[in-house]
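For reference, the structure discussed in these notes is given below.
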Amino acid sequence: MSSDDLPIGRRVARWRVRRSMTQQMLADRLRRSKSWVDKVERGVRTLDRYSVIQELAHVLRVDPEVLLGQQRSTPASPPDGVDDIRAALARYDNPRAPAQPPDELRRQVGCAWLTYQHAHYGQLVRVLPGLLDAAQAARSPELLVQTYRITSSLLVKLGEADLGWLAADRAMAAAGNDALLAAAATISVGQALRAQNRDHLALAALLPPANRLLPPPPSPGDHEVGGSGGDQSARQPHDHRVGAGVHGRQQAPGEWAVGGTLLVQAALAAAGCGEHHRADELTERAAGVAANLRGYDDAHRTSFGPVAVELARVLVAAQRGDAVEALRRHSAVVRREGWWRLPAEYRGAYLVEVARAYLQVGDLRGAARALVDADSVAPAEVRSRSLARTVIADVARSQPAPAGVARLATLVGLTR
């Protein structure tokens, strides 16, 4: 059995012996009884408080991660390479990459999306500068929009929201007069603005394209969300088949998915503005769209569907301070089959937000469990994002702090 496989009590005993300390000596320095030390070392008493583990580690002159059986690691930080992405965005009519066959470039863009959805952010940082050059050289509006959207999403994750907004704006420009591409690009605009705490601006940007793609609220008593922001001719997505769209054009279900995603983002922006009733209206409207979509080709990487709407309901409830309702909904939605079909990036980011809801109700163990689950699903969501670092710090400094966050606290550089 390796040292990492040993119970924590056995590791305490080993380090006590290495430090030439008896059980009584260790007990005296901890201001505890010899019986307490003996029970810890034999595994009779469980060490489930991070503060106690820190105290033991201090007396034994080791890092808490050593007692927890974790290998020594350097504090996590966002991947290097953002400056290379910035430089690629700064190149306009002088792309470095030679023109590639459209099919090959499309394959590379698809791989980049998958890399993002699996939360392999370090790998994506290295790929994007070359992909941006290639997409700019190809001058394909569709591939440019997709590449800029991937870039924007990644930059927002890495705490570069201003640069992410620039990439999203480039996506809007590349979309030109293509209403669907522009709507997809607006998703990235809204996410970047929300990351900058500019929820009012995000709401204003997101609603017009949503209203252009989707039917108005179902009953005459409901006022049009977002004002006169687009064509509101009556149309409903009844099933997975195409239907009549703007100006009589046949409309694929994927377009409803883009519109539904815009509504979800708008609901989160409204919640961020404190417009909680409006946020509820928008999630209800999104739920109506999601309920009628089945088996569509998610060409625009929205991950939209009933589960995505339910996750938005959780976050909206948490935003208005109703953490009990948020956690009730959370417990239900993560049991649904559709939860496991969501990309790792999506689930990891959501679980970090849920950890904050657990903190609102003082459930430290629940918060720690959500963080550990997020790390197992998408480690980069926990180790590369400042939001996760803040939540980990809140859990780790609480008394008593659950031991489950010790490894994460060390990985993100919160403990030494």
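Annotations
- For the stretch 251-303, a residue qualifies if it is basic (Lys, Arg), open to solvent by 40 Å² or more (accessible area, probe 1.4 Å) and more than 24 Å from Ala344 (Cβ to Cβ), and exactly one does: Arg278.
- Residue within the stretch 98-108 that is of a type in the set (Asp, Glu), in a helix (DSSP H, G or I) and closer than 13 Å to Val189 by Cβ present: no
- Note on the stretch 109-135: residues that are crowded, with 21+ Cβ neighbours inside 10 Å, small (Gly, Ala, Ser) and part of a helix (DSSP H, G or I) total 3.
- Selected residue (criterion: surrounded by the fewest Cβ atoms within 10 Å (Cβ to Cβ)) from residues of the stretch 348-403 that are over 18 Å from the mean Cα position of the chain (by Cα) and β-branched (Val, Ile, Thr): Val361
- Selection within the stretch 366-416: residues that are part of a helix (DSSP H, G or I) and hydroxyl-bearing (Ser, Thr, Tyr). The member of this set that is modelled with the highest pLDDT is Ser376.
- If you go through the stretch 22-63 and keep only what is among the charged types (D, E, K, R), at pLDDT 85 or above and open to solvent by less than 70 Å² (accessible area, probe 1.4 Å), you end up with Asp38, Glu41.
- Pairs, first polar (S, T, N, Q) in the stretch 128-142, second open to solvent by less than 10 Å² (accessible area, probe 1.4 Å) and modelled with pLDDT under 95, C-beta under 8 Å, six or more apart: Ser140/Leu105
The values are calculated or read from the model by the stated rules, or taken from the named source; none is laboratory data. Remember, predicted model here, so these are calculated numbers, not experimental data. Positions of Cβ are generated from backbone atoms using ideal geometry, with glycine treated the same way; all protein chains shown enter the neighbour counts. Please note that ligands, DNA and RNA were not included when accessible areas were found on the heavy atoms of the full protein model with its side chains. Shrake-Rupley method; radii C 1.70, N 1.55, O 1.52, S 1.80 Å.
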